[in-house]
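Colleague: Here it is, the structure, as structure tokens.
The values are calculated or read from the model by the stated rules, or taken from the named source; none is laboratory data. It should be emphasised that the depicted structure is a prediction, and the values quoted were computed from it without experimental measurement. Positions of Cβ are backbone-derived with ideal geometry, glycine not excepted, and every protein chain shown enters the neighbour counts.
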């Protein structure tokens, strides 16, 4: 199972004081050194944390793939086409949300998303869509002509009881199996941390996890390299277990 490390919240710390540190570029290099498989960053429309400068320098500095999370905003799409990241993950975005609050609704916004997907693909950019674990969303993703999806694990991560968590885990398992059968490379992410990642890591059909806030938070206490290494070890340990 691959691990993508989202470095957004290094920039969140920087923006809290409007300083030039800590630098997300350094964070990306440390995460790469620790053994992660890709670097992820979300260039939001309001530029609340990551800036264009960060994205450009990270893209140049790292040797592993770079995954740009982005909305379908025209300005952001144009930036992505110029940057040409290894992968672009389309996510929904609302200005007032603290973080992404759900998957991109392909049933409602299919036509708009299709235009953006086609534009990115023409530039040679691999495209992924962040969606809720639902067959209807997976079927729409299939129509887009892409081969990567990222299943939203947010509701699972926010579960308030064992029963709720078990039910939401079951939905993710079912969606992952269905997507894999339909030919997708299946990733997962949102809200995952050192305590809840194990059950998701055991789902064989999910081949990549993208995790940010938990790793950056852990890095405050133990250092970013150790935080990434710890997450990799937890994922590997659970990956070896039978579901």
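Colleague: How about region 12-33: which of its residues are touching a strand residue (DSSP E or B) at 6+ places or on another chain (Cβ under 8 Å) and either without any contact (Cβ under 8 Å) to a residue 24 or more places away in the chain or more than 11 Å from residue 64 (Cα to Cα) (or both)?
Modeller: The answer is 24, and nothing else.
Colleague: Does residue 54 qualify as being without any contact (Cβ under 8 Å) to a residue 60 or more places away in the chain and outside any helix (DSSP H, G or I)?
Modeller: For residue 54, the condition - without any contact (Cβ under 8 Å) to a residue 60 or more places away in the chain and outside any helix (DSSP H, G or I) - is not met.
Colleague: How many residues does region 141-169 contain that are assigned to a helix (DSSP H, G or I) and either under 28 Å from residue 124 (Cα atoms) or touching a helix residue (DSSP H, G or I) at 6+ places or on another chain (Cβ under 6 Å) (or both)?
Modeller: Number of matching residues: 7.
Colleague: Run residue 93 past the list (1) in a helix (DSSP H, G or I); (2) at pLDDT below 95 and report the number of the one that doesn't hold.
Modeller: (1)
Colleague: I'd like the full set of residues that are in contact (Cβ under 8 Å) with a residue 60 or more places away in the chain and either surrounded by fewer than 16 Cβ atoms within 10 Å (Cβ to Cβ) or in a helix (DSSP H, G or I) (or both), limited to region 202-218.
Modeller: Within region 202-218, 213, 215, 216, 217 qualify.
Colleague: Residues of region 13-34 being surrounded by fewer than 24 Cβ atoms within 10 Å (Cβ to Cβ) and within 21 Å of residue 88 (Cα to Cα), which ones?
Modeller: Within region 13-34, 25, 29, 32 qualify.
Colleague: Going by what's in this entry, would residue 172 be described as in a loop (DSSP other than H, G, I, E, B), in contact (Cβ under 8 Å) with a residue 24 or more places away in the chain, closer than 29 Å to residue 143 by Cβ and touching a helix residue (DSSP H, G or I) at 6+ places or on another chain (Cβ under 7 Å)?
Modeller: Against the criterion (in a loop (DSSP other than H, G, I, E, B), in contact (Cβ under 8 Å) with a residue 24 or more places away in the chain, closer than 29 Å to residue 143 by Cβ and touching a helix residue (DSSP H, G or I) at 6+ places or on another chain (Cβ under 7 Å)), residue 172 does not qualify.
Colleague: Still on this structure, please answer the following. Might you let me know whether region 137-149 holds any residue that is crowded, with 19+ Cβ neighbours inside 10 Å, under 15 Å from the mean Cα position of the chain (by Cα) and without any contact (Cβ under 8 Å) to a residue 40 or more places away in the chain?
Modeller: Yes, some residue in region 137-149 is crowded, with 19+ Cβ neighbours inside 10 Å, under 15 Å from the mean Cα position of the chain (by Cα) and without any contact (Cβ under 8 Å) to a residue 40 or more places away in the chain.
Colleague: Can you give me the number of residues within region 47-75 that are within 24 Å of residue 110 (Cα to Cα) and surrounded by fewer than 22 Cβ atoms within 10 Å (Cβ to Cβ)?
Modeller: Looking only at that region, the number is 5.
Colleague: Condition first: in a helix (DSSP H, G or I) and touching a strand residue (DSSP E or B) at 6+ places or on another chain (Cβ under 9 Å). Now tell me which residues in region 178-201 satisfy that.
Modeller: Within region 178-201, 179, 180, 197, 200, 201 meet the criteria.
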